[in-house]
Amino acid sequence: MTNLSFFFEVLIGGLLAGVMYSLVALGFVLIYKASGVFNFAQGAMVFLAALTFVSLLERGVNFWLALVITLAVMVVLGIAIEKVVLRPLVNQPPITLFMATIGLTFVLEGLSQAVWGSQPHGLDLGIADVPMQWLADSTGMFISQFDLFASGIAAVLVASLALFFHYTRIGRALRAVADDHQAALAVGIPLKNIWAIVWAVAGFVALVAGLMWGARNGVQFALTFIALKALPVLILGGFESILGAIVGGLIIGASEKLAEVYFGPMVGGGIESWFAYVIALLFLLVRPQGLFGEKIIDRV
Amino acid sequence: MLYREAGQFKSTYAEDQQIFPIRQDRIAVALLLAIAFVVVPMVANQYWLSAILTPFLIFALAALGLNILTGYAGQLSLGTAAFMAVGAFMAYNFVLRMPWLGIIPSFILAGICAAAVGIVFGLPSLRIKGFYLAVATLACQFFVLWAIQRIGWFTNNSPSGVITAQTVEILGYTFDTPQSKYLLTLGIVAVLALLAKNLMRSETGRAFMAVRDMDVAASVIGIPMMKTKLLAFAISSFYCGVAGALYAYTYLGTVEPEAFTLDLSFRILFMIIIGGVGSILGSFLGAAFITLLPIFLNVLFGAASHTFGLDISHAIVSNIELMIFGGLIIFFLAVEPHGLARLWQIAKEKLRLWPFPH
Amino acid sequence: MSRAARIGEVVLAVDRVSLAFGGVKALQEVSFDVREHEVRAIIGPNGAGKSSMLNVINGVYHPQQGTIRLRANGAWREFHDMDSHEAASMGIARTFQNIALFKGMTVLDNVMTGRNLKMRASFVEQAIWLGRARREELEHRRAVEEIIDFMEIQHIRKTPVGKLPYGLQKRVELARALAAEPRLLLLDEPMAGMNLEEKQDMCRFVLDVNDHYGTTIVLIEHDMGVVMDISDRVVVLDYGRKIADGTPEEIRGNQAVIDAYLGVAH
């Protein structure tokens, strides 16, 4: 295998891993767009969704039924969060809401494990994490089948979300709320219902992300840390852009993998634990609003 | 009736500026210090000293550090544990390689190293704010931990990455009993708390709070942004560094980088949220709360198990503990954003009026 | 000594300043001067560029063209890119249209921040509290208490600023600006949102500041009665250009000014 095809293999592997990050980042973007809240608990939601689904499967529940039940759980959770966490804090500064979502993270993590236990679970979606044979044969590159599948799912998800936002009445209402709460209220959009819907949709996105990540890495507590990786993605892509979440994810995934493979051996490895954050940090210094975000202007 | 200020007149500004302007407060604090320094070591058992009081003091110091940065200066930081790690491992290296320095100077130098790291990772605060800054401090948290793990020098090339803190010896006196360790920690924390209080009620504290409340206005009236923000990071990291050194030397004994994860950073953040941001007292109250809560829960569940014959596993208890932590954060943020310190103030106000209702 | 007799030499000269934000021209070749000890008003319809002018003078905005000249210790200094921190150290203080107080601090602390440029003790000295830091703090406290007396806000000195009504907050902001002992005080609509009584109080304070401390004052104000009563000279801006400059009487009769306010197309 030549150097070039090895490079492409790492690159594509990184891009596909990045897509997985984007899946999680999407949930953040949805909630931020609609309610201006940076939901630190998204990772915990991913974990809860994956754990619920897997536990139902292990108890013999049919795959599709388990999916529906988990989705229902996430929707109920979304509504509960809106009622219990967001409404009491409605006029507080964004930093307070952010800290509340950190608290929420702990609540969800504790709840997931209290209900379902804390052992790791495996999740089998039917697609194996093995290289695609014909690709390996023709180009000498080992690209995982599963990664490609996950990208396909992500693409479908993004497309449906885009269609949802642009062509449905609710989608339009969501965009209005994201732009200006007061104005949305003034035209009669029911703010509280919208927020509940958004959190429910974010819950659905968390479920999809949870399934993908759970199948890849197993459903275990470490899943909650994936959310942390989504933060650099959001910084690169801007907090309010779905496209940004995808592009940011691709860039982070690719650069992280490339850095690990090419620079890692020089410094003893393990770069992946911090490289994404440092990239995000450098990006913040140059372009704080991200590639697709809106510029923040401070007025006195 | 007891808590009245009647008759206590302040005739100079100096009297008005005191830390405890009300005489009853001064008496109470003197009493508290006397109890802490004299009574507790004589009366408390080993478990309380080494497993509860000493870590409480250490976390209070770290919370104090974080409060200076986040509570007073408004710069959200999730890298507290990293600064503690720098303090711990640098103290170890100073004692190891320059034993003639002595423990206290080593601690101070370790704190200064942590301050230097704090300044470097505080540089982004000049351009970014709020939770973007929090993400930048995450970079610090992960990078510092990785550096300590990977670069052998920090752990004296220990193959497992674990270091053993040397025995503390000051001027020939060895600090190896729970009592002596507790007293050493108490002494250091008390002094640093006093320095912090003095600092926060002087111009530095005002500059920090001005930057927190409206940094554009602060700049317009002449407060230097860069110097103020970096100073906040430096002082805060110094405090966290010393706390980390104490963590290694008077509590843990054997230290590994994994003791300083993001989880610890969150814990300390919770301490200041619950205790009260922007309050020295709040740092102590929050630390006490978070340190005592698990014990309280264990006792509670233990009693419940006995009374009801239930078998509540340890795992369930620790998960419920997580949920209660999280729930309390949300509760405090919604109901009393200024935490226990504000509740304490309100209680004191009521006490001044007692026994009258208003 | 009468007001007119006290007015001295030119201390601030704005020279052909132009400021644009993207395509929006906020100021176009504006020139005027300010004399020592005088009360200079800047007036004009909404959007005329008055706040922008003030922001340029104290370094919040940097003009694309033109300079600000400040006379300090007998010598002139010329700026076109001074930042707000430098302006503060040059003795320029200001208040803001939308109150820029530090809501989390008490009145006393807010006014004390106004003294920050005069404090010399390092943070280490402040931590230890004995010696220079302590003396300095008490000395500045004394000075600040005088200003608090002057602005009649003694009764609220320990109240957190966020809890005060609007009128009192404006007074505290003025006190903070005064605490810096400025040579030039810029007031951005100090009477906005006040009722008649509050306006009269604020007018009295502004005049007292000018009388008692001799501070040169540049203020933006919409209330014509106030402007005519308390200012020595007036600059009129419209759409970023200066359209008149003179005493209140001269301005009152100026046709261009009347047209600008009535919205006559030009």
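Bear in mind these aren't lab numbers, they're just calculated from the coordinates by the rules spelled out. Computed from a predicted model, the values in this text were never measured in an experiment. For neighbour counting, all protein chains shown are included, and Cβ atoms are generated from backbone atoms with ideal geometry for every residue, glycine included.
How much net charge surrounds residue B:325 when only other residues with a Cβ under 15 Å from its Cβ are counted (Lys, Arg +1; Asp, Glu -1)?
Details: positive: B:267; negative: A:109, B:263, B:321.
Surrounding charge for residue B:325 is -2.
Quick check on the protein assembly as shown: of the DSSP beta bridges with both residues there, what percent are antiparallel, nearest 5%?
Here the share of antiparallel DSSP bridges comes out near 65 percent.
Report, in degrees rounded to the nearest 10, the 0 to 90 angle that the Cα long axis of helix A:42-58 makes with the longest principal axis of chain A.
Compared with the principal axis, the helix lies near 70 degrees.
Once you mark the trypsin sites (Lys or Arg not before Pro) that are in a DSSP loop and have at most 13 other Cβ atoms within 10 Å, what is the longest gap between them in chain A?
A:60-294
Could you point to the residue in B:157, B:31, A:40 farthest towards the positive end of the protein assembly as shown's charge dipole, with +1 and -1 charges on the Cβ of Lys/Arg and Asp/Glu respectively?
Going by the Cα projections, it comes out as B:31.
Using alpha carbons only, how many degrees (0 to 90, rounded to 10) separate the axis of helix A:145-167 from the longest principal axis of chain A?
Long axis of A:145-167 versus the principal axis of chain A: about 30 degrees.
Neighbouring Cβ atoms within 10 Å as the yardstick, rank B:68, A:197 fewest first. It would help to have the intermediate numbers written out before the result.
Values: B:68 31, A:197 21.
In increasing order of surrounding Cβ atoms, one gets A:197, B:68.
Considering only C-alpha atoms, what is the centroid distance from region A:14-78 to region A:232-295, in Å?
Here the answer is 22 Å between Cα centres.
Please determine, in degrees from 0 to 90 and to the nearest 10, the orientation of helix A:3-35 with respect to the longest principal axis defined by the Cα atoms of chain A, where the helix direction is its Cα long axis.
10
Take chain C, connect every pair of alpha-carbon atoms lying under 10 Å apart with a spring to form a Gaussian network, then pick out the residue of C:175, C:26, C:75 with the largest mean-square fluctuation.
Evaluated over chain C, the most mobile residue of the options is C:75.
Please name whichever of C:237, C:5, C:148 sits farthest to the positive end of the charge dipole of chain C, dipole taken about the Cα centre and charges placed at Cβ: Lys and Arg +1, Asp and Glu -1.
Working it through, the farthest residue towards the positive pole turns out to be C:148.
Can you give the relative contact order of region B:21-260 as a percent, counting alpha carbon pairs under 8 Å and 6+ residues apart?
With pairs under 8 Å counted, the relative contact order is 40 percent.
Please build a GNM for chain B, connecting alpha carbons under 10 Å apart, and tell me which residue among B:278, B:327, B:244 fluctuates the most.
Greatest mean-square fluctuation among the candidates belongs to B:327.
Suppose only helical runs count, i.e. DSSP H with n ≥ 4. What mean residue ellipticity at 222 nm does that imply for the protein assembly as shown under -39500 (n - 2.57) per run, divided by all residues and rounded to the nearest 500 deg cm²/dmol?
Values: 37 runs with 544 residues, N = 924.
Calculated from helices alone, the mean residue ellipticity at 222 nm is -19000 deg cm²/dmol.
I'd like the distance separating the alpha-carbon centroids of region C:120-194 and region B:19-37, in whole Å.
So the two Cα centres are separated by 30 Å.
Could you tell me which helices of chain B pass both thresholds, a Cα extent of 15 Å or more along their own axis and a mean Kyte-Doolittle hydropathy of at least 1.6, with helices taken as whole DSSP H runs?
Details: long enough: B:23-34 (16 Å, 0.79); B:54-66 (18 Å, 2.15); B:80-97 (26 Å, 1.28); B:103-122 (27 Å, 2.32); B:130-150 (30 Å, 1.31); B:178-200 (32 Å, 1.18); B:203-220 (17 Å, 0.28); B:225-246 (32 Å, 1.23); B:262-275 (19 Å, 1.98); B:280-308 (41 Å, 1.70); B:314-335 (31 Å, 2.02); B:339-353 (22 Å, -0.12).
Going by DSSP H runs, the hits are B:54-66, B:103-122, B:262-275, B:280-308, B:314-335.
Expressed as a rounded percentage, what relative contact order does chain A have, with Cα pairs under 8 Å and six or more residues apart?
About 35 percent, as a whole number.
Which residue fluctuates the most in chain A, going by a Gaussian network model with Cα springs under 10 Å, if the choices are A:47, A:63, A:204?
So, out of A:47, A:63, A:204, the one fluctuating most is A:63.
Over chain C, what relative contact order in percent results from Cα pairs under 8 Å that are six or more residues apart?
RCO, chain C: 26 percent.
With 10 angstrom as the radius, rank A:212, C:224, A:266 by how many other C-beta atoms surround their C-beta, starting from the fewest.
So the ranking, lowest neighbour count to highest, is A:266, C:224, A:212.
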